[in-house]
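Working notes, beginning with the structure itself.
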Amino acid sequence: MLDGPRKGRRVLLVLAASVALILLLLFWGEYDLVTLWRLDRERRELSGQVEQLKVENQGLIDQIDGLQDNPEMIEKIARENLGMARKGETVYRILPAERDTLLDSLKIRE
């Protein structure tokens, strides 16, 4: 008759120890559940950034290809970004009124 309560306590003790061990593994240590969720979120964000950069790179490759074959495009970029002009033309630059942005407007745009 004494075996029954002891056996029940042992089963309860083993069950409690198992639950404690599982909780310990899930929420403590280098690869706990919270860390794994955070790493998965970071991986998804980085994958999105990689896809965005691939699209941007393809656009730049297309632009390079266009520039190699299109002298009119080179002239357009030189006029718009570098303020260049043809012989006899005059380039007018309108400067902003604020002093802080005055220096920014004089810089070459990318």
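Open to solvent by 100 Å² or more (accessible area, probe 1.4 Å), at pLDDT 85 or above and either β-branched (Val, Ile, Thr) or in contact with a Phe, Trp or Tyr (Cβ under 8 Å, 6 or more places away or on another chain) (or both): which single residue out of Val11, Val55, Val50, Val19 fits that description? Please lay out each step first, then the result.
Details: Val11 fails: open to solvent by 100 Å² or more (accessible area, probe 1.4 Å); Val50 fails: open to solvent by 100 Å² or more (accessible area, probe 1.4 Å); Val19 fails: open to solvent by 100 Å² or more (accessible area, probe 1.4 Å).
Of Val11, Val55, Val50, Val19, the one residue that is open to solvent by 100 Å² or more (accessible area, probe 1.4 Å), at pLDDT 85 or above and either β-branched (Val, Ile, Thr) or in contact with a Phe, Trp or Tyr (Cβ under 8 Å, 6 or more places away or on another chain) (or both) is Val55.
Evaluate segment 91-110: report whether one residue or more is in a helix (DSSP H, G or I), among the small types (Gly, Ala, Ser) and at pLDDT 80 or above. Walk me through how you get there before you give the answer.
The initial filter retains those residues of segment 91-110 that are in a helix (DSSP H, G or I), namely 99-106.
Okay, now just the ones that are also among the small types (Gly, Ala, Ser), so 105.
Checking the rest, the ones that are also at pLDDT 80 or above come to none.
For segment 91-110, residues in a helix (DSSP H, G or I), among the small types (Gly, Ala, Ser) and at pLDDT 80 or above: absent.
Please indicate, with yes or no, whether at least one residue in segment 65-77 is closer than 30 Å to Leu24 by Cα, part of a helix (DSSP H, G or I), within 28 Å of the chain's Cα centre (by Cα) and of a type outside the set (Ser, Thr, Tyr). Walk me through how you get there before you give the answer.
Kept after step one, since they are closer than 30 Å to Leu24 by Cα, are these residues of segment 65-77: none.
Scanning segment 65-77 turns up no residue that is closer than 30 Å to Leu24 by Cα, part of a helix (DSSP H, G or I), within 28 Å of the chain's Cα centre (by Cα) and of a type outside the set (Ser, Thr, Tyr).
Please go through segment 25-64 and give me each residue that is over 23 Å from the mean Cα position of the chain (by Cα) and hydroxyl-bearing (Ser, Thr, Tyr), ordered by number.
Residue satisfying the conditions is Tyr31 alone.
Consider only pairs whose beta carbons are under 9 Å apart and that are at least six residues apart or on different chains; among these, list those whose first residue lies in segment 7-30 and is of a type in the set (Ser, Thr, Tyr) and whose second residue is in a helix (DSSP H, G or I).
Pairs that qualify, where the first residue is of a type in the set (Ser, Thr, Tyr) and the partner is in a helix (DSSP H, G or I): there are none.
The values are calculated or read from the model by the stated rules, or taken from the named source; none is laboratory data. Only a predicted model underlies this, so the values are computations on that prediction, with no experimental measurement involved. All Cβ positions, glycine included, derive from the backbone under ideal geometry; neighbour counts span all protein chains shown. These area figures cover heavy atoms from the full protein model, side chains too; ligands, DNA and RNA do not enter into them. Shrake-Rupley method; radii C 1.70, N 1.55, O 1.52, S 1.80 Å.
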